[in-house]
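The values are calculated or read from the model by the stated rules, or taken from the named source; none is laboratory data. Note that the structure is a prediction, hence the values are computed from the model and not measured. FYI the Cβ positions are ideal-geometry reconstructions off the backbone, even for glycines, and counts take in every protein chain you see. The area values use the complete protein model at the heavy-atom level, side chains included, leaving out ligands, DNA and RNA. Shrake-Rupley method; radii C 1.70, N 1.55, O 1.52, S 1.80 Å.
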Amino acid sequence: EPQQYALFLLAFLTFGHHFPGFVRAYGDHELFQRYKWRFILAPPLFFAASYWFQDRGLHGILMVTFTWDIWHVLMQHYGFMRIYDAKQKEISPLTARMDWMFSISSYVALIVASPHYRNNLLYLAYQSGIPVLPMGLFEFLKNVIYAVAILSAVAYVGYSFYLSKQGRHNIRKLVTLALFLGATYYLYIYSHDFVVGFAVWSGFHCLQYHGIVWAFNRSRVERGGDVTRFVRFLFRPKVALAVFYASLIFAYGGLAFLQQNLSEDGTLKALLITFVATSTILHYYFDGFIWKMREKDTREPLNITAGNSGLIQSS
C-alpha cells in the first residue's frame with residue numbers, strides 16, 4: 001500500500017538524514033572546538049527534556065518539532081538560494097531579504113492552504129494546550145497570510161525583472177525556487193494522499209541534504225581539513241564508500257522504523273521514542289549554526305569565494 005511505503009520512507013530516509021549532520025558536527029575538529037559545549041551538553045539535556053515530556057504524555061515536544069520542521073525546511077531551501085547567488089557573486093543584502101521574504105511567505109501560505117497540514121498543525125497545537133482559535137479570527141489570520149504572500153510575490157517578480165535588466169538574474173536559483181514551491185503545492189495541496197505527499201517531499205529534502213553533506217566533506221578531505229579519521233576514510237572518491245555512506249544513513253533510519261513497529265509498551269519503547277525525538281531536535285538545533293555561510297570554513301569547501309555580506313546560514 002502507498003501509505004505503508006510512505007511511512008517506511010519517512011522512517012528510514014527522513015530520520016536517517018540526521019546522521020550526515022551529526023557526522024559534520026562531530027567529525028570536524030575545527031567545528032567541534034568552536035561549538036564544543038553545545039555539542040557536549042545539548043544531547044543529554046534534550047534527551048532528558050524529551051523523556052520528561054514523553055513520560056507524562058505531554059504533546060508540547062511534538063508541537064515544537066512540528067513547527068521547527070517547517071522552519072528547518074525553509075532555511076535549507078533559502079540556504080541553497082544564497083549559495084547559488086554567492087557562486088554568482090550576487091551578495092546584495094536586498095536580494096537576500098527579497099529571497100527570504102518571498103520564500104517564507106509563500107511556503108507558510110501553502111501550508112495554511114493545505115487542509116491536511118493545517119489541520120494536523122492545529123490539532124497538535126490544541127493538544128499542547130493552546131486555546132482554540134475562534135473561526136472568525138482564524139479566517140482573518142488566513143487571509144492576512146494570503147495577502148502577505150501575494151504582495152511578496154508581486155514585489156519579488158518586480159525585483160527579479162529589475163535584476164534581469166541589469167544582467168544579474170540567476171536562473172539556477174529561480175529554478176530551485178520554482179521547484180520548491182511547485183513541489184510543495186503539488187504534494188501538500190493537489191495530492192489527496194497527504195502521507196504519501198509529505199513522505200515524497202521529505203525524501204526530496206533529505207536527498208538534498210545527503211548530497212550537500214557528501215560534497216562538503218569530500219571537499220574538506222581533499223583540502224586537508226582538520227577532520228576525524230572516520231570522515232577522512234569515508235569521504236573519498238570511491239563508489240563503495242558512497243554506498244557505505246548511504247547504508248549508514250539507512251541503518252540509522254532503521255531506529256525510527258523499529259520504534260514505530262515495536263508493539264509492546266515499556267522501557268525500551270519509551271527510550272526509543274525519546275531517542276527519536278532527541279535526534280530530531282538536535283538535527284534542527286545543530287543545523288541552525290553548523291552551516292553558517294558567513295563562516296569562511298563553510299564557504300570554502302562549497303567553492304564560494306564571495307564575501308560574507310548578505311549570506312546567512314541554512315538550517
Problem set entry | Close Lys-Lys pairs in the chain, where close means Cα under 29 Å and separation is 8 or more or interchain | 17
Problem set entry | the chain: relative contact order as a whole-number percent, Cα under 8 Å and 6+ apart | 41 percent
Problem set entry | Over segment 59-153, relative contact order from alpha-carbon pairs under 8 Å, at least 6 apart, % | 43 percent
Exercise. Where in the chain are the helices, taken as whole DSSP H runs, whose Cα atoms extend 20 angstrom or more along the long axis and whose Kyte-Doolittle mean reaches at least -0.5?
Worked result: 36-55, 60-87, 93-113, 135-165, 171-185, 194-222, 239-261, 267-290
Seminar exercise, completed: In Å, the Kirkwood estimate of hydrodynamic radius for segment 148-283 over Cα pairs equals 19.1 Å
Problem set entry | Inter-site label distance for L45 and V154 at 7 Å from Cα along Cβ, in nm | 4.5 nm
Exercise. How would you classify the chain from its alpha-carbon gyration tensor, with a ≥ b ≥ c the square roots of the eigenvalues: rounded for a/c under 1.5, else prolate if a/b is greater than b/c, otherwise oblate?
Worked result: oblate
For this session: Run the dipole for the chain about the Cα centre, Lys and Arg Cβ at +1, Asp and Glu Cβ at -1, nothing else charged, and hand back the magnitude in debye, nearest 20.
Result: 1160 debye
Exercise. Summing -39500 (n - 2.57) over the DSSP H runs of n ≥ 4 in the chain and dividing by its residue number, what mean residue ellipticity at 222 nm do you reach, to the nearest 500 deg cm²/dmol?
Worked result: -25500 deg cm²/dmol
Exercise. Of the residues P134, P43, P20, which exhibits the maximal mean-square fluctuation in a Gaussian network model of the chain defined by a 10 Å Cα contact cut-off?
Worked result: P134
Exercise. Using the alpha-carbon centroid of each, what span in Å lies between segment 188-220 and segment 255-304?
Worked result: 15 Å
Problem set entry | Top of M98, M75, M135 by mean-square fluctuation, Gaussian network on the chain, Cα under 10 Å | M135
Exercise. Does segment 102-217 come out rounded, prolate or oblate, given a ≥ b ≥ c as the square roots of the eigenvalues of its C-alpha gyration tensor, rounded meaning a/c under 1.5 and, failing that, prolate meaning a/b above b/c?
Worked result: oblate
For this session: Evaluate the Kirkwood expression for the hydrodynamic radius of segment 1-95, namely the inverse of the mean inverse distance over all pairs of different C-alpha atoms, and round to one decimal in Å.
Result: 16.8 Å
Exercise. Rounded if a/c is under 1.5, else prolate if a/b is larger than b/c, else oblate: which is segment 237-286, with a ≥ b ≥ c the root eigenvalues of its Cα gyration tensor?
Worked result: oblate
For this session: At a 1.4 Å probe radius, which order do S106, S247 fall into by accessible area, largest first?
Result: S247, S106
Exercise. Using a Gaussian network model of the chain with C-alpha springs under 10 Å, which one of R229, R24, R294 is most mobile by mean-square fluctuation?
Worked result: R229
